1. Which one of these is over 12 Å from Met385 (Cβ atoms) and either surrounded by 14 or more Cβ atoms within 10 Å (Cβ to Cβ) or at pLDDT 80 or above (or both): Gln340, Gln357, Gln334?
2. From the list Glu219, Glu195, exactly one residue is over 28 Å from the mean Cα position of the chain (by Cα), assigned by TED's automatic domain parsing to the domain that holds Pro239 and under 19 Å from Ile241 (Cα atoms). Which is it?
3. Looking for something within 25 Å of Lys283 (Cα to Cα) and in contact with a strand residue (DSSP E or B) (Cβ under 9 Å, 6 or more places away or on another chain) - is there at least one such residue anywhere in region 449-456?
4. Residues that are of a type in the set (D, E, K, R), under 22 Å from the mean Cα position of the chain (by Cα) and modelled with pLDDT under 85: find the helices (runs of 4 or more DSSP H) completely inside region 362-478 holding 2 or more of those.
5. Determine whether region 250-263 contains at least one residue that is under 38 Å from the mean Cα position of the chain (by Cα), over 20 Å from Leu196 (Cβ atoms), at pLDDT 85 or above and part of a strand (DSSP E or B).
6. Condition first: small (Gly, Ala, Ser) and touching a Lys or Arg at 6+ places or on another chain (Cβ under 7 Å). Now tell me which residues in region 160-191 satisfy that.
7. Considering Gly78, Gly103, which residue is out of contact with any Asp or Glu (no Cβ under 7 Å at 6 or more places or on another chain), of a type outside the set (A, V, I, L, M), modelled with pLDDT of 85 or more and at positive phi?
8. From the list Glu156, Glu177, exactly one residue is touching a residue at least 12 places away in the same chain (Cβ under 8 Å) and assigned to a helix (DSSP H, G or I). Which is it?
Amino acid sequence: MQINLLTIIYIIMQIDEIPSFDDALTEYFKLKNIFENQLSTYKKKIINNPTLSNREKRSEYLKLMPKCVNCKRPSKRGTIFSHSYTPSDDKIESYRILQASCGDLADPCNLDIKIQLDKIEKIESVINDIKNETKEYKNKIINDKNRLLFGIIDTETAIENFDRNKSYITEITSVYEMYLDIYNKVTDNPEKKVELDDSIVQSYNLIGEIKSCISKMIENDDTQYAEDAATIYTTTLKPLIDKIRVLKYNENIVFYDDENNTCRLIQNKNSISQLNTDGYQNKVLKFSVGYEAKKAPKKKPATFIVESDTEEGTEPSEQKELTIKIQEPDEVNQSGEIPQDEPIIGEGEDGIDWHIQEYKDLWSKLPKKLKTEFKLNIDWMKDFMYKCLNARKKGGLECRLPTPPNIIIPPREMPNGQYDFGVSIYNTAFNKQPSSLQKTYLTFYKEDLQTKEKNYSMLEDAMNNLVEKEVDFGRGFF
């Protein structure tokens, strides 16, 4: 008869330092550029070799073994850089995936980069699309008025169509105003103009002071004036000139022209990235670089089950034999998941403690603001902890903030003009936004054409992102 069960489970979360999206994207294209330059060099050596015939060049090309940019080992493909596209549907917006991995498919190194890129659109194109759509719905209203005059539709239908079209125009106009405001701030920012004019006037005054110092140095034959002029230039004028350059041209690029052996300067008033807009799906899914030698797999800790051959009715002192059976962890937990844990309220350094060590480790790494909100919503806290730990266990690189179980979507509008989501931090994050942006967020839904039922999953995702910023969630790499 089994008299005792002692289960020992050790799950160690190896949390790698994940760079920001911009840094990861820069590193991806940096590695891609290095690999393509290396491959181009190899090809040029073969093509420019005068001792080889075309057939021999083709043969040498087929033998080409480029090196992986990470582990430097040669293989048929060197490094694999891929680019895939996922079209939009009713549930998700379209996005692209950039991936990089070792070309040695039989024995790849740890190079593993996976970056998700959201759809990018020109702000100007978005504004024009909204204008055209607004014009289309205004024409529908005019068309309904004409149809009413000629008796093609009745008054009730005309009023119903008018209210629906007017409501949509109002909603889309708020989105138009938001994008137009963003566009104007980039292309015609009055504050930036004032700052630029003031900086230019200051630079003229500083140049005048430097000229005055030079004149006094010549008149008095005193080198101290020259030192004063140099100090004014290095400490005040040069930083001001740099500031003026940035205010005038957001993009300043210098590149070397190999053919003409010259350097070229390219200056653009606005960069392409400033005039584009994207969603909130940009994220680093995986990022592993830097060659790591492979280690022998660690042996999983065993689970011990203490068994006894004691017969029923026999006293403990008459026990015949005690054996220990070693059972593999997979036999204990077939699902492989970290189980749900109940928080211990009132214990721990900040008033919350856990029974399972993995929960303790994760809790200690959470931002203070997020902990404070979780203490006000225990069910939300338990849901996050369980999902985050198991996502990490399955190989995920980041945790996401789940929607609280008691959230109210869409929010209730209060008499004072504020909105109530049923969760205080969501109320704070939303109500601090400009009213025009609030209206835009409230249009984040998809309506079923038949049932007219509205799906607010887009609003949920947008609000979760707002709250993540509010509680210093970062990218979820704890």
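The values are calculated or read from the model by the stated rules, or taken from the named source; none is laboratory data. In this text the structure is predicted, and so the values were computed from the model without any measurement. Positions of Cβ are generated from backbone atoms using ideal geometry, with glycine treated the same way; all protein chains shown enter the neighbour counts.
1. Answer to the selection: Gln357.
2. Details: Glu219 fails: under 19 Å from Ile241 (Cα atoms).
The conditions single out Glu195.
3. Yes.
4. 378-393
5. The first filter runs over region 250-263 and keeps only residues under 38 Å from the mean Cα position of the chain (by Cα), leaving 250-258, 263.
Subsequent filtering for residues that are over 20 Å from Leu196 (Cβ atoms) retains 253-258, 263.
Restricting the remaining residues to those that are at pLDDT 85 or above gives 263.
Filter again for part of a strand (DSSP E or B), leaving 263.
Yes, the conditions are met somewhere in region 250-263.
6. Within region 160-191, the subset small (Gly, Ala, Ser) is 167, 174.
Selection gives Ser174 alone.
7. Values: Gly103 fails: at positive phi.
Criteria check complete, one pass: Gly78.
8. Values: Glu156 fails: touching a residue at least 12 places away in the same chain (Cβ under 8 Å).
Selected residue: Glu177, the only one of Glu156, Glu177 that is touching a residue at least 12 places away in the same chain (Cβ under 8 Å) and assigned to a helix (DSSP H, G or I).
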